[in-house]
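First up is the structure itself, then whatever we jot down about it.
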Amino acid sequence: MSQVVDRFQVIPAAYVLLVDESGRVLLTFRRGTGYMDEHWAFGAAGHVEADESVCQAAVREAQEELGVVISEEDLEPLTVMHRTRGNGQAIDERVDFFFTVRQWQGLPQIQEPDKAVDLIWAEPAALPQPLVPHESYVLDQWLRGTLKPIEAYGFTSWS
């Protein structure tokens, strides 16, 4: 008989940052979600669902939240972030997959007004504040050209 072992679990999520032809990024202003409300965030993001790949989740979230159609082939990986709040609670242990996309069909518009109240095209050098902290970190490192393929966020240093 096999023994059941409690294993560390993480919640996977997909983040999609639309980038227009002039290099501006699409951000949404969160409200009513219960998490990081009153903060700017990537245009679309959400949990990966059962039996769904992270790329399928990114495509679905862009459609559900922005009303745009994107192709999995057009997703450009930015980074994968393993993050924690350091409290040991499963809900706060995450693996986030960040993508940019430069082509899509449709005009981005808020599709879930109970979760977002504004969209803006922002110049990367002049991003609105406040930004969701871990997303701000990704954007900052991306703009500096120092974003690593895999990032850790919220963990204590080994040094």
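Going by what's in this entry, would V59 be described as part of a strand (DSSP E or B), among the β-branched types (V, I, T), surrounded by 13 or more Cβ atoms within 10 Å (Cβ to Cβ) and modelled with pLDDT of 95 or more?
No, not satisfied.
Would segment 83-100 turn up any residue that is crowded, with 20+ Cβ neighbours inside 10 Å and farther than 19 Å from G154 by Cβ?
yes
For segment 54-87, enumerate the residues that are touching a Phe, Trp or Tyr at 6+ places or on another chain (Cβ under 8 Å) and among the β-branched types (V, I, T).
Within segment 54-87, V54, V68, V69, I70, T79, V80, T84 qualify.
Only residues that are surrounded by fewer than 17 Cβ atoms within 10 Å (Cβ to Cβ) and touching a residue at least 24 places away in the same chain (Cβ under 8 Å): list them for segment 142-152, please.
K148, P149, I150, A152 - these are the residues of segment 142-152 that are surrounded by fewer than 17 Cβ atoms within 10 Å (Cβ to Cβ) and touching a residue at least 24 places away in the same chain (Cβ under 8 Å).
Consider only pairs whose beta carbons are under 9 Å apart and that are at least six residues apart or on different chains; among these, list those whose first residue lies in segment 45-66 and is without any contact (Cβ under 8 Å) to a residue 60 or more places away in the chain and over 10 Å from V16 (Cβ atoms) and whose second residue is among the polar types (S, T, N, Q) and assigned to a helix (DSSP H, G or I).
Listed pairs, sorted by first residue: V48/Q56; E49/Q56.
Within segment 29-42, can you find the residues that are modelled with pLDDT of 95 or more and either within 13 Å of L127 (Cβ to Cβ) or among the hydrophobic types (A, V, I, L, M, F, W, C) (or both)?
Answer for segment 29-42, where residues must be modelled with pLDDT of 95 or more and either within 13 Å of L127 (Cβ to Cβ) or among the hydrophobic types (A, V, I, L, M, F, W, C) (or both): F29, H39, W40, A41, F42.
Identify the residue in segment 62-90 that is polar (S, T, N, Q) and closer than 23 Å to Q141 by Cα and, among all such residues, is modelled with the highest pLDDT.
The extreme case among them is T79.
The values are calculated or read from the model by the stated rules, or taken from the named source; none is laboratory data. Note that the coordinates shown come from a computational prediction; the quantities given were computed from them, not determined experimentally. Note that we place each Cβ from the backbone using ideal geometry, even for glycine, and neighbour counts take in every protein chain shown.
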